[in-house]
1. Could you list, in sequence order, the residues of region 34-61 that are in contact (Cβ under 8 Å) with a residue 60 or more places away in the chain and part of a helix (DSSP H, G or I)?
2. I need a count of the residues in region 135-158 that are assigned to a loop (DSSP other than H, G, I, E, B) and either touching a helix residue (DSSP H, G or I) at 6+ places or on another chain (Cβ under 9 Å) or within 23 Å of residue 47 (Cβ to Cβ) (or both).
3. Given the options 181, 198, name the one that is surrounded by 13 or more Cβ atoms within 10 Å (Cβ to Cβ), in a helix (DSSP H, G or I) and in contact with a strand residue (DSSP E or B) (Cβ under 6 Å, 6 or more places away or on another chain).
4. Restricting attention to region 98-126, and to residues there that are part of a loop (DSSP other than H, G, I, E, B) and in contact with a strand residue (DSSP E or B) (Cβ under 9 Å, 6 or more places away or on another chain), which single residue is surrounded by the most Cβ atoms within 10 Å (Cβ to Cβ)?
5. Given the conditions (1) surrounded by fewer than 17 Cβ atoms within 10 Å (Cβ to Cβ); (2) within 12 Å of the chain's Cα centre (by Cα), which single one is not true for residue 34?
6. Would you be able to tell me the number of residues in region 78-97 that are part of a helix (DSSP H, G or I) and either in contact with a strand residue (DSSP E or B) (Cβ under 7 Å, 6 or more places away or on another chain) or surrounded by fewer than 16 Cβ atoms within 10 Å (Cβ to Cβ) (or both)?
7. Got a sec? Which of 140, 197 is free of Cβ contacts under 8 Å to residues at least 40 places away in the same chain, over 15 Å from the mean Cα position of the chain (by Cα) and closer than 13 Å to residue 68 by Cα?
8. Could you check how many residues of region 186-195 are surrounded by fewer than 17 Cβ atoms within 10 Å (Cβ to Cβ) and either in a helix (DSSP H, G or I) or on the phi > 0 side of the Ramachandran plot (or both)?
């Protein structure tokens, strides 16, 4: 397993809508990891060690499912930070916290301070393609990649035909995974919120749900509401 939400969180959410969302998104994340690993092996394109340039001035707008997953991961792995966020006491580890992702760590060599729970765009950027109007896959190397990491490729968009010719493989496509994630919350039609807002709301929700869902005492929560005994 590449993921880091233990059964403690899942046990406490069992029987809720949020449990189903988390488990389904976990499957999507595992699929991303598997397909990206195959693409990296085929293309031989890698990020420079300690880069993180793509995160410096960027903070994503995210789906509810992404926010819930990151919230659950933080409550399992960085509980103190999660509670600092919902109490407005969290201090970002960057000189200008408004200039990009508030979870970016300037002093860490890998920069992302929540890597295990990171959102879809953070997982997909650089090692996924998209689809043109014809529905065919296309891919363009990250424009932050130095020439030595491109291995004779160019900073240009490659068509599906070119990709098959050069690599005999295709990258995973961002739009396909996004559609899967959107479908986890029917009726929301892809609604997103800024990360720092969505994450705080999601942490509050999971803290509330888990506080009412003590399976050791026989309690359950269904449809995000505590059931009566």
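All of the numbers you see were taken from the coordinates with simple rules; none came from a lab. Everything numeric here is computed off the predicted structure, so don't read it as measured data. Backbone-built Cβ (ideal geometry, glycine too); neighbour counts: all protein chains shown.
1. From region 34-61, those in contact (Cβ under 8 Å) with a residue 60 or more places away in the chain are 35-36, 38-40, 42-55, 59-61; that's our starting set.
Within region 34-61, 35, 36, 38, 39, 40, 42, 43, 53, 54, 55 meet the criteria.
2. So in region 135-158, the residues assigned to a loop (DSSP other than H, G, I, E, B) come out as 135-136, 140-146, 150-157.
Still in the list and also either touching a helix residue (DSSP H, G or I) at 6+ places or on another chain (Cβ under 9 Å) or within 23 Å of residue 47 (Cβ to Cβ) (or both): 136, 140-146, 150-157.
Total satisfying the criteria: 16.
3. Numbers: 181 fails: in contact with a strand residue (DSSP E or B) (Cβ under 6 Å, 6 or more places away or on another chain).
Exactly one of 181, 198 is surrounded by 13 or more Cβ atoms within 10 Å (Cβ to Cβ), in a helix (DSSP H, G or I) and in contact with a strand residue (DSSP E or B) (Cβ under 6 Å, 6 or more places away or on another chain), namely 198.
4. Filtering region 98-126 for residues part of a loop (DSSP other than H, G, I, E, B) gives 98-103, 105-111, 113-114, 118-119, 125-126.
Subsequent filtering for residues that are in contact with a strand residue (DSSP E or B) (Cβ under 9 Å, 6 or more places away or on another chain) retains 101, 103, 105, 111, 113, 118-119.
Values: 101: 25, 103: 29, 105: 17, 111: 21, 113: 18, 118: 20, 119: 25.
Per the stated criteria, the residue is 103.
5. The single condition residue 34 does not satisfy is (2).
6. 4
7. On the way: 140 fails: closer than 13 Å to residue 68 by Cα.
Only one candidate qualifies: 197.
8. Final tally of qualifying residues: 3.
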